[in-house]
Amino acid sequence: MRRLIVAAGLAVAALTLVPASLAAQLRTPDGWRWVTEAPARVVTEQAVPEGAWRFVEMPPGYHVTTGPGVILYHPGARAQGRYSVEAEVHLFPGESQSEYGVFVGGRGLEGAGSSYTGFVVRRDGSVAVIERQGGEVKIKFPWTRHEAVVTPGSNGMAHNVLRVEISGDQAVFRVNGEQVASVVDPSAEQSGAFGLRVGPGVNLHVTRLDHVVHYAPPRPPR
């Protein structure tokens, strides 16, 4: 089993109180790349200015505050064969109804012909599977509200674990351990980069991003 673990551990509530001395030391993670939907500079300060967005390493995990939507990934992290990708995400208070989640099968991400499959949820409890091929967007599973998706409580925060399981031409999508969608597509390219997808105006913290390779034989079809 090979697993890429971004982080785990401390209660995320502590992340809302970052001492000034620590905030000054925060930095954008080494080696990571990103593609924004509109030009914007990346910053590390807590107050994100107009025309910018924030991506910092903040143990446990990473903190992301978007301006335009963005995908984030490490070029050395790739998935192929039978595998799972799972992210634990803490959504912070805000007004944006944009999506957040993970993507798999990323190819040519910094070019005009980029492609990936995104598994995302929204603040309203909806979930969707979206495939991007160059400038085209295909809805593999339409936006649907599902009780497995945790919506913000009285404190405006929500905690969700999103998981994509790939086996051959089948992809299974789970939120907090419960299957919410399954897509069979023989033409889909499932191998490639994986990472995070965060829509415009979203403030969140990712405490885990795990990649697991499944070596044992799968259950035979019934």
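Structure values in brief
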| item | result |
| --- | --- |
| Options Val64, Val42, Val35, Val89: the member that is touching an Asp or Glu at 6+ places or on another chain (Cβ under 9 Å) and in a strand (DSSP E or B) | Val35 |
| The range 26-47, subset over 30 Å from Arg78 (Cβ atoms) and surrounded by 11 or more Cβ atoms within 10 Å (Cβ to Cβ), residue modelled with the highest pLDDT | Glu45 |
| Residues of the range 92-114 classified as crowded, with 19+ Cβ neighbours inside 10 Å and in contact with an Asp or Glu (Cβ under 9 Å, 6 or more places away or on another chain), total | 2 |
| Residue that is nearest to Trp32 (Cα to Cα), among those in the range 184-222 that are buried (at least 17 other Cβ atoms within 10 Å of the Cβ) and at pLDDT below 95 | Gln190 |
| Matching residues in the range 187-197 - criterion: being more than 10 Å from Val102 (Cβ to Cβ) and either hydroxyl-bearing (Ser, Thr, Tyr) or in a strand (DSSP E or B) (or both) | Ser187, Ser191, Gly192, Ala193 |
| Residue among Tyr100, Tyr83 that alone is touching a residue at least 40 places away in the same chain (Cβ under 8 Å), within 26 Å of Gly31 (Cβ to Cβ) and within 15 Å of the chain's Cα centre (by Cα) | Tyr100 |
| Qualifying residue in the range 158-167 (condition: modelled with pLDDT under 95, at positive phi and surrounded by fewer than 22 Cβ atoms within 10 Å (Cβ to Cβ)) | no |
| Those residues of the range 198-222 which are closer than 27 Å to Thr28 by Cβ, part of a strand (DSSP E or B) and β-branched (Val, Ile, Thr), in sequence order | Val198, Val206, Thr207, Val212 |
| Identity of the residue in the range 48-61, part of a loop (DSSP other than H, G, I, E, B) and without any contact (Cβ under 8 Å) to a residue 60 or more places away in the chain, that ends up surrounded by the fewest Cβ atoms within 10 Å (Cβ to Cβ) | Glu50 |
| Leading residue by the ranking (nearest to Ser126 (Cα to Cα)) among those in the range 151-185 that are assigned to a strand (DSSP E or B), polar (S, T, N, Q) and touching a residue at least 60 places away in the same chain (Cβ under 8 Å) | Asn160 |
| Conditions (1) small (Gly, Ala, Ser); (2) modelled with pLDDT of 95 or more; (3) over 22 Å from Val64 (Cα atoms); number of the one not met by Gly134 | (2) |
| Any chance Val127 is surrounded by fewer than 16 Cβ atoms within 10 Å (Cβ to Cβ) and modelled with pLDDT of 95 or more | no |
| Filtered residue count, the range 130-146, keeping only those that are more than 24 Å from Asp210 (Cβ to Cβ), open to solvent by 60 Å² or more (accessible area, probe 1.4 Å) and not hydrophobic (A, V, I, L, M, F, W, C) | 6 |
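The values are calculated or read from the model by the stated rules, or taken from the named source; none is laboratory data. If you're wondering where the values come from, they're calculated on a predicted model, not measured in any experiment. Ideal geometry is used to build each Cβ from the backbone, glycine not excepted, and the neighbour counts take in all protein chains shown. Ligands, DNA and RNA are excluded from the accessible area calculation, which covers all protein heavy atoms including side chains. Shrake-Rupley method; radii C 1.70, N 1.55, O 1.52, S 1.80 Å.
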